[in-house]
Amino acid sequence: MVQVEPGLILLIAFLSTLLITSSIAQKEEEEEVDPNSPESTTPKETWPDLLRKAKMGGLNMVETYVFWNVHEPVQGKYNFEGDYDLVKFIKLIQQHKMFAMLRVGPFIQGEWNHGGLPYWLREVPNIIFRCDNEPFKMHMKKFVTLVIEKMKQAKLFAPQGGPIIVSQIENEYNTIQLAFKERGDSYVQWAAKMALSLDTKVPWIMCKQKDAPDPIINTCNGRHCGDTFTGPNGPNKPFLWTENWTAQFRVFGDPPSQRSAEDLAFSIIRFCSKNGTLVNYYMYHGGTNFGRTSSSYTTTRYYDEAPLDEFGLIRQPKWGHLKDAHRAVNLCKRALFSGSPFVQKLGPDQEARVWEQPGTSLCSAFLTNNNTKKPQALRFRGQDYQLPPRSISILPDCKTEVFNSQMITTHHNSRNFVRSVAANKNFNWEMYREVVPDDPGNKLNEPRELYELTKDTSDYAWYITKLDLGRRDLPMKNEILPVLRVASLGHGLHCYVNGKYIGTAHGSKVEKSFVFQKPVEFQAGSNQIALLGFLVGLPDSGAYMEKRYAGPRSITILGLNTGTLDITLNTWSHQVGLDGEKNQIYTQNGFPKVQWVKGGPSEGVTWYKGYFDAPEGDNPVAVKMTGMGKGMVYINGRNIGRYWMSYLSPLKRPTQSEYHIPRSYLQPTMNLIVIVEDEKGDPKDIEIVLVDRDTICGFITEKHLPSVRLFEGKGGKLVALEKDLKPRVELTCPSQKQIVAVEFASFGDPFGACGHYVEGNCTSPVAKQVVEKFCLGKPSCNIPLDTPDLHNKNEACPEMKKTLAIQAKCAFKA
């Protein structure tokens with residue numbers, strides 16, 4: 001087997017590039033699109049660029065899940081072609097001179113629909129997912145064996161000359177193991193033996209699995225594994241961190257979530273200083289959950305706060321600060337490989353973790369201020385080091401401080417969504433109102449369970465019944481109306497009575513069950529009640545996933561003269577999906593099947609279509625869904641995901657407003673956009689936008705360390721690349737653009753974040769003029785904080801250690 005040495009530091013990325021779950025292969029004939037084919041999180045056209053940026057960010061390894069439900073969506077029918085090409089992706093990793101970790105699972109969670117398990121698995125007789133259950137084990141072994149054999153045939157494992165050095169079986173099983181009692185324990189043993197029997201000759205891991213059987217390596221997932229991980233469960237196993245969460249995935253209804261670059265840097269340095277062998281970022285690029293690929297309530301945008309954002313753009317300072325952290329740790333690699341570690345307490349909340357080879361000059365130190373509120377001076381080997389609150393400084397030679405986790409020396413940037421000129425000339429919106437089915441058949445006494453009814457082929461299913469009411473059944477007073485009450489297990493429903501849209505209700509990620517209650521104007525005689533149940537993804541975690549349920553469970557009418565009427569067993573007809581889905585009216589060949597009229601506001605299920613030209617330039621593209629409620633968007637027949645503008649966060653804003661359109665989905669002109677709006681909406685304010693990070697910033701204090709980029713290791717010695725190591729702001733435009741404007745500059749005590757800087761109590765009156773002199777018209781620039789022009793006789797706050805904050809605009813030269 002390939003051995004992973006405990007001293008080897010692998011800083012790796014988990015790019016969801018490899019959510020190689022793809023979309024429809026490139027086809028000319030749109031009518032051939034399979035509406036149930038899952039879309040990729042990142043189209044294959046973008047893989048090289050993402051891997052290049054990962055490598056530039058200081059990473060040397062990429063992890064990828066293997067998604068069972070996209071490679072075997074129908075039992076026995078496999079797809080590893082086009083965007084699904086796992087072999088191609090692994091080979092591409094090797095072409096970029098990086099290693100690979102194959103997380104086979106095949107349960108992967110990942111906020112992915114059904115945790116990666118294919119829906120058909122639910123319908124295997126007597127199956128129980130992820131335990132010592134013969135039907136599940138049979139199908140799991142068959143798929144895992146198929147994947148491993150594909151890798152072997154392509155010679156992708158390290159002993160064959162390939163990049164794969166580690167594989168994973170199962171995923172965070174400890175979180176549900178107790179639910180299965182002894183059948184959980186025996187399943188862990190079986191999964192380990194099954195994986196080892198495949199003879200990959202590389203190590204296997206089980207993440208968050210404290211009882212991983214030898215020689216399987218147990219690993220840590222979380223935010224601070226340097227402090228929370230109890231360590232491997234055997235003396236010959238390395239310390240591996242398989243998921244360092246770069247942010248927090250969002251579900252519809254969530255406010256924004258962040259994790260700072262400083263906290264991430266602290267966490268990886270902490271782990272590496274405590275014998276860590278491997279750190280993986282989850283996610284380094286999250287991508288987009290196109291189509292219906294996200295799990296319950298998860299947004300279409302995934303891990304957008306990662307170092308590479310949803311659109312593949314570099315998010316600063318997270319990308320740059322982590323790159324600097326990687327460089328700083330690698331400057332210590334000789335000591336980490338050959339030295340012996342020890343811990344030295346330097347004072348209250350102060351410590352030094354030292355790796356040193358006795359009798360030699362080989363020494364690296366990691367100084368830590370564990371006080372979360374106060375900066376502290378740490379005295380180490382006769383020298384004082386000033387550390388901000390809760391930070392780590394790296395001394396590759398046990399003397400020179402080259403990096404502090406709290407001091408960002410890279411530039412910052414801010415993302416902009418800019419209205420496209422070419423794409424928004426005139427959509428010429430047309431609409432088609434979906435008709436409530438009269439009697440679709442498929443009758444049962446009670447409403448069917450929604451997962452089982454849809455079988456993951458659509459988000460939607462109709463439940464329809466008819467009810468005869470006499471005049472004496474209805475309230476006599478005009479101001480009193482009967483109330484229709486539906487108790488549902490999730491995820492949501494739209495209600496229609498006699499063809500009229502009545503209202504909507506839904507659950508949440510936290511509480512999927514809900515109760516719909518609305519007053520209804522029933523008529524004397526026959527009344528049709530139609531419920532359009534909808535799902536927002538299948539569950540992705542937990543025990544007994546095959547026994548999760550959704551849909552209406554109790555339906556009653558309150559306020560009739562005859563009392564409360566329970567119509568749950570009134571005999572219900574069922575229809576899976578919308579007529580527009582069945583006729584594929586989101587394609588060029590499908591939309592003529594229905595009658596379209598001029599577009600306008602809608603209430604209830606309505607389809608809209610329009611056309612737009614490809615946006616100018618080559619920046620990423622998105623559609624801003626202003627004015628819409630909930631539904632899905634199709635571009636040239638391809639589903640770019642669910643939108644949900646009406647589900648507001650506690651901040652009274654949609655969780656996500658812009659939805660990614662890959663450039664590879666577009667043609668030069670006449671791009672067909674089709675929207676299915678299932679609540680209320682008006683497309684008049686929808687716009688196509690271009691995405692950039694052309695707003696760049698710097699924020700450096702006179703207390704800052706010099707950049708670690710100014711140091712390198714030569715012959716076992718730490719060498720400074722320049723003589724001038726004083727603090728400076730470094731700005732770099734993306735894509736060979738130039739700085740065309742300085743929008744903010746303050747030398748004093750400014751505060752805020754990139755895009756939102758504010759002057760403090762004092763600022764130099766010449767700060768903007770100085771910055772313009774250094775930067776205008778250039779693709780990059782450096783502004784030393786000790787430049788004489790900033791320290792003239794009009795200098796503000798002369799006794800204060802000052803900060804230089806800059807915001808600039810980048811663009812191509814006109």
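Is the shape of segment 502-551 best called rounded, prolate or oblate, per the rule: a/c under 1.5 gives rounded, else a/b larger than b/c gives prolate, else oblate, with a ≥ b ≥ c the square roots of the Cα gyration tensor eigenvalues?
Prolate is the answer for segment 502-551, as a/c is 1.5 or above and a/b outweighs b/c.
Let me check against my output: what whole-number percent is the relative contact order of the chain, with C-alpha pairs under 8 Å and at least 6 apart?
In percent, rounded to a whole number, it is 12.
Counting only heavy atoms of the protein chains, get the accessible area per residue of the chain (1.4 Å probe) and round it to a whole Å² value.
Dividing the accessible area of the chain by its residue count gives 39 Å².
Can you compute the FRET efficiency between residue 791 and residue 370 using 1/(1 + (r/R0)^6), with r the Cβ-Cβ distance and R0 = 30 Å? Round to the nearest 0.05.
With R0 = 30 Å, the Cβ-Cβ based efficiency is 0.25.
Excluding same-chain residues fewer than 8 positions from residue 141, which aspartates and glutamates have a Cα within less than 19 Å of its Cα?
Within the straight-line limit of under 19 Å, residue 141 reaches these aspartates and glutamates: 72, 123, 132, 149, 170, 172, 185, 199, 546.
Going Cα to Cα from residue 399, which aspartates and glutamates come in below 16 Å? Please leave out same-chain ones fewer than 8 positions away.
Filter leaves 351, 356, 384, 712.
List the residues, sorted by chain then number, that are 5 or more residues from residue 744 or on another chain and whose placed amide H is less than 5 Å from its amide H.
807
Could you give P(r) for segment 257-412, binned at 10 Å from zero, as whole percent values over all Cα-Cα pairs?
11, 36, 29, 16, 7, 2, 0
What distance in nm separates the two pseudo spin-label positions at residue 360 and residue 685, each 7 Å out from Cα along the beta-carbon direction?
6.6 nm
Could you list log10 I(q)/I(0) for segment 469-555 at q = 0.12, 0.22 Å⁻¹, which the Debye formula gives when each Cα is one point scatterer?
Taken in order of the listed q values, log10 I(q)/I(0) reads -0.45, -1.04.
Which three semi-axes in whole Å describe the equivalent ellipsoid of the chain, each the square root of 5 times a Cα gyration tensor eigenvalue, listed largest first?
50, 34, 25
Mind listing the phi-derived Karplus ³J(HN,Hα) values for segment 231-241, rounded to whole Hz, using 6.51, -1.76 and 1.60 with θ = phi - 60°, and x for any glycine or proline?
x, x, 8, x, x, 9, 10, x, 7, 10, 10
Calculate how steeply helix 134-153 sits against the longest principal axis of the alpha-carbon atoms of the chain, using the helix alpha-carbon long axis, and give the answer as 0 to 90 degrees to the nearest 10.
50 degrees
Determine ³J(HN,Hα), in whole Hz, for all residues of segment 639-649 in sequence, where each value follows from phi through the Karplus function 6.51 cos²θ - 1.76 cosθ + 1.60 and θ = phi - 60°; x replaces Gly and Pro.
7, 8, x, 7, 10, 8, 6, 7, 8, 8, 6
Going through the cross-link list 237/333; 208/630; 55/193, which pairs have a Cα-Cα distance over 27 Å in this structure?
208/630; 55/193
Under 25 Å Cα-Cα from residue 373, which lysines qualify once same-chain neighbours fewer than 8 residues away are excluded?
274, 318, 345, 703, 801, 802
Add -39500 (n - 2.57) for each DSSP H run of 4 or more in the chain, then divide by its residues: what number comes out at 222 nm, to the nearest 500 deg cm²/dmol?
-4000 deg cm²/dmol
Counting only C-alpha contacts under 8 Å and six or more residues apart, can you give the relative contact order of segment 152-308 as a whole percent?
For segment 152-308, the relative contact order is 17 percent.
Note the full-extension length gain between residue 428 and residue 780 as 0.36 nm times their separation in residues minus their Cα-Cα distance, in nm to one decimal.
Full extension from residue 428 to residue 780 adds 122.4 nm.
In what sequence, largest accessible area first, do 646, 257 appear using a 1.4 Å probe?
My answer, sorted largest first, is 646, 257.
Which one, 380, 633, 48, projects farthest toward the positive side of the charge dipole computed for the chain from Cβ point charges (K/R +1, D/E -1)?
After comparing all options, I get 380.
Could you tell me what % of all Cα pairs in segment 190-253 have separations over 21 Å?
34 percent
Say each of residue 230 and residue 772 gets a label point 7 Å from the Cα, pointing the same way as Cα to Cβ; how far apart are those two points in nm?
6.3 nm
Suppose R0 equals 56 Å. What FRET efficiency, 1/(1 + (r/R0)^6) with r the Cβ-Cβ distance, do residue 736 and residue 556 give to the nearest 0.05?
0.30
Please give, to one decimal in nm, the separation of the simple spin-label points placed at residue 569 and residue 477, each 7 Å out from Cα toward the Cβ.
With each label placed 7 Å out from Cα toward Cβ, I get 3.3 nm.
From the phi of every residue in segment 505-519, what ³J(HN,Hα) in whole Hz does the Karplus formula 6.51 cos²θ - 1.76 cosθ + 1.60 yield, where θ is phi - 60° and glycine or proline is x?
Each residue's phi maps through the Karplus curve to give 8, 7, x, 9, 4, 6, 10, 6, 6, 7, 10, 8, 9, 8, x Hz.
P(r) tail for segment 433-500, what percent of Cα pairs lie past 19 Å?
Taking all Cα-Cα pairs of segment 433-500, the fraction more than 19 Å apart is 49 percent.
Within a Cβ distance under 13 Å of residue 598, other residues only, what is the Lys/Arg minus Asp/Glu net charge?
Net local charge, residue 598 excluded: +1.
Between beta-carbons, use under 12 Å as the cut-off and find the net charge around residue 727, counting Lys and Arg +1, Asp and Glu -1.
Residues near residue 727 contribute +1 overall.
Would segment 70-153 count as rounded, prolate or oblate if I go by the C-alpha gyration tensor, calling it rounded below 1.5 in a/c and otherwise prolate when a/b exceeds b/c, oblate otherwise?
Prolate shape, in that a/c is at least 1.5 and a/b is the bigger ratio.
So, R0 is 22 Å and r is the distance between the beta-carbons of residue 646 and residue 500; what FRET efficiency does that work out to, to 0.05?
Here the calculated transfer efficiency is 0.70.
Using a 10 Å cut-off on Cβ atoms, rank the peptides 711-724, 540-553 from the highest mean neighbour count down.
540-553, 711-724
Quick test of your reading: applying the under-4.7 Å Cβ rule, which cysteines of the chain are isolated?
That list is 131, 207, 272, 332, 495.
The values are calculated or read from the model by the stated rules, or taken from the named source; none is laboratory data. This is a predicted model, so every value here is computed, not measured. We place every Cβ from the backbone using ideal geometry, glycine too, and count neighbours over all the protein chains shown. Accessible surface areas use protein heavy atoms only, side chains included; no ligands, DNA or RNA. Shrake-Rupley method; radii C 1.70, N 1.55, O 1.52, S 1.80 Å.
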